[in-house]
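Asker: Below is one structure. I have some questions about it.
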Amino acid sequence: MSIFGSMKTAVSGMNAQANKLSTVSDNIANVNTTAYKSASTSFSSLILASGGGNYNSGSVETSVSYSVSQQGDTVSTSSSSDLSIQGAGFFVVQGADGKTVLTRAGDFVPDANGNLVNSAGYTLMGYSYQSGAPAVVVNGFDGLVPINVNQNGLASSASTSGSFTGNLNSNATVVVPSSTETLPSANQSTTTADTQKSSVVAYDKLGNTVMYDIYYTKTQAADATATPPTTDQWEVSVYRNADASTSGSSSFPYSSGPLATSTLTFDSNGNLTSGGNFTVTDAKTGGSIAMDLSQMTQKATDFSSKGSTDGQAASPVTGVTIDKDGVVYANYKTGDPKAIYQIPLATVASPDKLTLLSGNVYQANGDSGVTVTSFANSNGLGYIQSNSLEASNVDLAGQLTDMIQAQKSYTANSKVFQTGSDLLDVLVNLQR
């Protein structure tokens, strides 16, 4: 038995308990830190060889680990730029030094330049929609840019496509052109009243609204006994609403001819077989709109029509929203939201082995595995929840219990050291 050995063992025990007390201190200090992951101290014994009736006391070693894979509670907030991850994954962020790291802390706010930055000063990174829908780089951070929500100026886009759905009444009167009754495509004051009309709004290159009138007129009925047999046919004619006549009881004649004319052909079941796709070319706006009427039907019921076009009127941005897939949308005063960025998530094979850095961020290493990047709601990753934050996963009651245990164990180890010191005093006094 070595008195000095027992004293050294006691010292290692005190150092080990001091390390545990340090992790407890860190955990308690960060109990309100967004997405903080609690640290824990593990103990392992170091045994020395003994023999000949003598026992050599060893020592104790400690290692610190972090419960990175354990998600904290979700806390609701009033800010749409506050983000939490529900499930696996990390935000990809960049520090002021340009280094790209991972974090779960989603308390982002716009900085002076409009970039989303969290409380530790890390900028949220994502892919831009400037060149269309982005594709993720799975094994790196290439192509990532700061998420910027400072969308100034007015945005507009010209309409390039439109679509209509609805029904044309199969019992409608067939119009035969004559001197007193003409088809809408003729653009005469004698245009037949046996026609149906709908209108749709589109946008030119400057964001001005342009309304188009669309006329549907039945020109031929199905007749299986005819030679050759005939099918149900309808004429479709499109005009600029602004060119309509302001005199008389009809919009005809328009000041300019039809912008497009097509013939819709229906089979015996009332399904469209041809003529459902055509292009509206407007010389006054310099634009073309590809119209899709392929979903129109001809059934024995009232006329109905519902249509829409793409494009957007000139409108300022009023704010941004972020959906569960991480797509950042710019919201306009008028018009539909527009996707401007998509936020990716990253993961590693062993999150608990990540290297912890200052600012509540993590870096991959050989033990954690390489970083794999993907979009939310894919490849086993969770989804992004706006207006919420992930709280610390620290159990305060458990930390206070650990603190008391560390204190008692430290005191007990100090008593062992003190006892060894007393025994040495006895040995020294033997020479007297």
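Asker: Which count do you get for residues in segment 1-55 that are of a type in the set (Ser, Thr, Tyr) and assigned to a loop (DSSP other than H, G, I, E, B)?
Answerer: Final tally of qualifying residues: 7.
Asker: Next question. Please find, among ALA10, ALA35, ALA16, the residue that is on the phi > 0 side of the Ramachandran plot and surrounded by 14 or more Cβ atoms within 10 Å (Cβ to Cβ).
Answerer: The unique qualifying residue is ALA35.
Asker: Please work out if ASN429 is under 27 Å from the mean Cα position of the chain (by Cα) and farther than 30 Å from ALA16 by Cα.
Answerer: Spelling it out, it is not the case that ASN429 is under 27 Å from the mean Cα position of the chain (by Cα) and farther than 30 Å from ALA16 by Cα.
Asker: Something else: Mind checking which residues of segment 140-154 are buried (at least 18 other Cβ atoms within 10 Å of the Cβ) and closer than 11 Å to GLN94 by Cβ?
Answerer: Passing the criteria: LEU144, PRO146, ILE147.
Asker: Does segment 273-291 hold any residues that are charged (D, E, K, R) and in a strand (DSSP E or B), and which are they?
Answerer: ASP282
Asker: If only one of LEU102, LEU168 is surrounded by 19 or more Cβ atoms within 10 Å (Cβ to Cβ) and not assigned by TED's automatic domain parsing to the domain that holds TYR383, which one is it?
Answerer: LEU168
Asker: State all residues of segment 43-80 that are surrounded by 11 or more Cβ atoms within 10 Å (Cβ to Cβ), of a type in the set (Ser, Thr, Tyr) and more than 19 Å from GLN385 (Cα to Cα); if no residue qualifies, say none.
Answerer: SER50, TYR55, SER57, SER59, THR62, SER65, TYR66, SER67
Asker: Six or more apart or on different chains, Cβ under 7 Å: which pairs go from a residue in segment 290-312 that's of a type in the set (Phe, Trp, Tyr) to one that's surrounded by 15 or more Cβ atoms within 10 Å (Cβ to Cβ) and in a strand (DSSP E or B)? Could you list them?
Answerer: PHE303/ASN167; PHE303/LEU168; PHE303/ASN169; PHE303/GLN196
Asker: Test each condition in (1) assigned to a loop (DSSP other than H, G, I, E, B); (2) in the same structural domain as ASN169 (by TED's automatic domain parsing); (3) among the small types (Gly, Ala, Ser) for GLY335 and report the one that comes out false.
Answerer: The failed condition is (2).
Asker: Among the residues of segment 135-151, are any in contact with a strand residue (DSSP E or B) (Cβ under 8 Å, 6 or more places away or on another chain) and either of a type in the set (Ser, Thr, Tyr) or closer than 30 Å to SER237 by Cα (or both)?
Answerer: no
Asker: Exactly one condition in (1) at pLDDT below 95; (2) assigned to a strand (DSSP E or B); (3) of a type outside the set (Gly, Ala, Ser) is false for VAL136; which is it?
Answerer: Checking VAL136 against (1) at pLDDT below 95; (2) assigned to a strand (DSSP E or B); (3) of a type outside the set (Gly, Ala, Ser), the one that fails is (2).
Asker: Restricted to segment 105-139, and to residues that are touching a residue at least 24 places away in the same chain (Cβ under 8 Å) and on the phi > 0 side of the Ramachandran plot, which residue is surrounded by the fewest Cβ atoms within 10 Å (Cβ to Cβ)?
Answerer: GLY121
The values are calculated or read from the model by the stated rules, or taken from the named source; none is laboratory data. Everything quoted here is computed from the prediction, not taken from an experiment. Positions of Cβ are generated from backbone atoms using ideal geometry, with glycine treated the same way; all protein chains shown enter the neighbour counts.
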